[in-house]
Amino acid sequence: MKNLLQDSLKTIKPATLKNLIDTDKVNLIDVREPDEHNREHIPSSILIPLSTFDPQAIPTNNKQLVLHCQTGNRSAQAAQKLFAAGVEEVTHLEGGLNTWKQQKYFTKINKQAPISIMRQVQIVAGSLILTGTLLALISPWFLLLTGFVGSGLLYAGISNTCAMAIILAKMSWNQ
């Protein structure tokens with residue numbers, strides 16, 4: 001059955017998608033997260049993040065449905081959710097937004113948007129580890145800080161849940 005679902009997932013090249021957008025014949029669904037979409041997106045794309053993806057939220061009209069994300073991985077995951085909901089054929093952008101941009105097609109960029117949550121996590125985690133390491137020159141007890149951050153990153157990798165990202169996402173600059 002998995003092969004049947006994979007066979008039903010079609011890809012579309014950026015040039016073909018561009019033509020569909022220009023002729024208003026596509027519902028382009030961006031399955032990236034809101035902060036990513038806010039920073040840069042293909043005009044006319046509709047945001048339905050994978051983290052809260054609901055097949056019922058997909059517009060139903062006579063337009064072709066195309067999913068996209070940054071590289072094509074998350075749009076393939078969203079397609080699996082559509083297949084599970086009974087959709088028989090799903091198309092996603094080959095290579096995602098990265099390939100779209102490589103072809104020099106237009107994206108709407110918001111230079112005022114904050115940097116991605118994961119980059120913020122990396123900056124905070126790296127700063128805490130560096131601080132703990134430097135302060136360990138004063139007292140070895142500060143190594144507990146680096147151990148705490150390291151264990152948090154390990155847990156985030158194993159569980160796919162990052163407490164620091166959740167906290168950062170609630171900060172005023174990310175709203």
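The values are calculated or read from the model by the stated rules, or taken from the named source; none is laboratory data. Since we're looking at a predicted model, the values are computed, not measured. Using ideal geometry, Cβ is built from the backbone for each residue, glycine included, and neighbour counts are taken over all protein chains shown. In case anyone asks, the SASA skips ligands and DNA or RNA and just uses the protein heavy atoms, side chains included. Shrake-Rupley method; radii C 1.70, N 1.55, O 1.52, S 1.80 Å.
Before moving on, here are some points about what is shown:
- Across the stretch 11-50, the qualifying residues are those that are open to solvent by less than 20 Å² (accessible area, probe 1.4 Å) and among the charged types (D, E, K, R), and the one among them that is farthest from Gln120 (Cα to Cα) is Asp30.
- Any hit, the stretch 144-158, residues being open to solvent by less than 60 Å² (accessible area, probe 1.4 Å), out of contact with any strand residue (DSSP E or B) (no Cβ under 6 Å at 6 or more places or on another chain) and assigned to a loop (DSSP other than H, G, I, E, B): no
- Residue selection: Val90 fails the criterion of being in contact (Cβ under 8 Å) with a residue 40 or more places away in the chain and within 30 Å of Gly150 (Cα to Cα).
- Among residues of the stretch 93-143, those that are in a loop (DSSP other than H, G, I, E, B), surrounded by 11 or more Cβ atoms within 10 Å (Cβ to Cβ) and on the phi > 0 side of the Ramachandran plot, counted: 1
- Residues in the stretch 112-132 that are of a type outside the set (A, V, I, L, M) and more than 18 Å from the chain's Cα centre (by Cα): Gln112, Gly126, Ser127, Thr131, Gly132.
- In the stretch 159-175, of all residues being assigned to a helix (DSSP H, G or I), more than 20 Å from Leu50 (Cβ to Cβ) and of a type outside the set (A, V, I, L, M), the one that is nearest to the chain's Cα centre (by Cα) corresponds to Trp173.
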